Amino acid sequence: MNFEPYIDKLMQQYTGPAYAGEVEAAKEDFFEKAGTFDEASLDFELKMAQFVDWYLFTRKMLGSGLAAIEMVLDDEQFAGKPEERAIYLNLRNSRHSLFEFQKLKVNDVYIKDMFTGFKYTIPDSRVTQGFNTDEYFEARLIPDGGKFTFSSSFCFHPAVVSPFILKEVKRIIKLGEEDQGLAREELIARLFKMKNKHEQYRHLDIHHIYSNESKLKI
């Protein structure tokens with residue numbers, strides 16, 4: 001199923017006039033992590049997809065303390081059709097994580113969640129390019145009638161920093177279950193910021209950016 005029309009509808013709702021303050025605060029926060037948007041840059045569409053995903057699924061609204069996807073099912077101002085409720089429930093139950101690519105079979109993508117070890121098959125995936133077995137990547141999986149599909153947002157990390165990422169993942173796995181959820185999201189956010197800082201500071205050794213002792217204070 002293509003969830004993009006429903007994600008677009010969510011974005012329209014939660015970037016409308018009533019949420020102008022939220023949007024400005026979100027842009028400021030996101031730009032600090034990802035750098036400014038340049039419509040002429042090759043990664044503009046990717047950054048836009050990352051912003052939309054973060055704004056709707058991860059960022060907590062200043063007014064409610066909830067993410068937009070957590071608000072929508074009880075939002076009386078949202079003009080959703082009753083039959084769409086199950087779709088937004090699927091979106092709310094999405095899995096945001098770091099994944100390891102295992103193989104591609106025709107158009108089926110096989111991946112493994114780095115935190116749980118759970119293996120997923122994305123059948124007939126509309127995204128089949130860009131995966132490498134030695135690179136870890138951030139993605140969001142949306143449940144879809146007994147299977148899963150990718151959202152449009154990805155962040156691929158260079159293979160050379162895979163040992164650092166794996167070490168950080170193992171550190172979080174050792175935490176108690178109550179602490180793992182927040183720690184997982186914090187790590188994903190830090191790695192996203194590191195990836196973008198690497199793009200901005202190509203002259204620096206990447207190991208000085210993907211580091212817990214980074215001089216950039218990431």
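The values are calculated or read from the model by the stated rules, or taken from the named source; none is laboratory data. What you are looking at is a predicted structure, and each value in this text was computed from that prediction instead of being measured. We place every Cβ from the backbone using ideal geometry, glycine too, and count neighbours over all the protein chains shown.
Determine, yes or no, whether Gln129 is more than 22 Å from Ala20 (Cβ to Cβ), part of a loop (DSSP other than H, G, I, E, B), more than 16 Å from the chain's Cα centre (by Cα) and modelled with pLDDT under 95.
yes
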Tell me, please, whether a residue that is touching a residue at least 40 places away in the same chain (Cβ under 8 Å), surrounded by fewer than 18 Cβ atoms within 10 Å (Cβ to Cβ) and over 24 Å from Ser211 (Cα atoms) can be found in the range 157-173.
no
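Restricting to the range 19-44, name every residue that is of a type in the set (A, V, I, L, M) and in a helix (DSSP H, G or I). Don't jump to the end; show me each part of the working.
Taking the range 19-44 and keeping what is of a type in the set (A, V, I, L, M), we get 20, 23, 25-26, 34, 40, 42.
Residues satisfying the conditions are Ala20, Val23, Ala25, Ala26, Ala34.
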What is the residue count in the range 27-68 for residues that are under 15 Å from Ser152 (Cβ atoms) and surrounded by 13 or more Cβ atoms within 10 Å (Cβ to Cβ)?
14
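Please verify whether Phe156 is at pLDDT 95 or above and more than 30 Å from Glu84 (Cα to Cα), treating the condition exactly as stated. Show your work before the answer.
Working: at pLDDT 95 or above: yes; more than 30 Å from Glu84 (Cα to Cα): yes.
Answer is yes for this residue.
State which residue is farthest from Ser153 (Cα to Cα) when the search covers only the range 74-106 and only residues that are of a type in the set (Phe, Trp, Tyr) and not in a helix (DSSP H, G or I). If you could, list the steps in order and put the result at the bottom.
So the first thing to find is which residues in the range 74-106 are of a type in the set (Phe, Trp, Tyr), and the list is 78, 88, 99, 101.
Still in the list and also not in a helix (DSSP H, G or I): 78, 99, 101.
Details: Phe78: 24, Phe99: 13, Phe101: 16 Å.
Step by step, filter the range 74-106, then rank; the result is Phe78.
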Which listed residue, of Glu32, Glu22, is farther than 25 Å from Phe150 by Cα and modelled with pLDDT of 95 or more:
Glu22
Looking at Leu89, Leu104, Leu56, which one is under 19 Å from the mean Cα position of the chain (by Cα) and under 27 Å from Thr128 (Cβ atoms)?
Leu56
The condition of being closer than 23 Å to Asp38 by Cα and either in a loop (DSSP other than H, G, I, E, B) or not aromatic (Phe, Trp, Tyr) (or both) holds, among Asn212, Asn196, only for Asn196
